[in-house]
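The structure under discussion appears below in the form of structure tokens.
We did not get these values from a lab; they are worked out from the coordinates using the rules stated. Everything numeric here is computed off the predicted structure, so don't read it as measured data. A quick note on method: Cβ atoms are made from the backbone with ideal geometry, for glycine too, and the neighbour counts reach across all protein chains shown.
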Amino acid sequence: MECEELEEMDKRGRSDLVYAKVKKITRTDTKSTSSTTGIKDLNGNLLTEPVEVRERWKSYVEDLYSAQDKPLLMSLASRTKRK
């Protein structure tokens with residue numbers, strides 16, 4: 001029944017309603033401590049312990065926003081001036 005509703009909303013181009021319905025269907029109680037969230041480490045091993053998951057996210061975000069291997073603002077500005 002719900003799948004048919006989702007398909008119909010999708011056919012009508014109502015992706016907003018599709019996403020809202022999926023969110024409602026898959027919603028879990030965020031206050032529940034029984035649900036666990038996992039993330040993979042650099043070697044592909046699944047981490048599920050809250051402390052390990054937090055540390056992995058911390059490491060990921062630090063790597064994502066590190067200045068290493070990113071173009072300097074100055075080099076980006078010079079590229080746009082040449083065009």
Would you mind counting up the charge near residue 37? Only other residues with Cβ under 13 Å from its Cβ, with Lys and Arg at +1 and Asp and Glu at -1. +1
Which of 64, 17, 46 comes first, and how do the rest follow, when ranked by fewest Cβ neighbours within 10 Å? 64, 46, 17
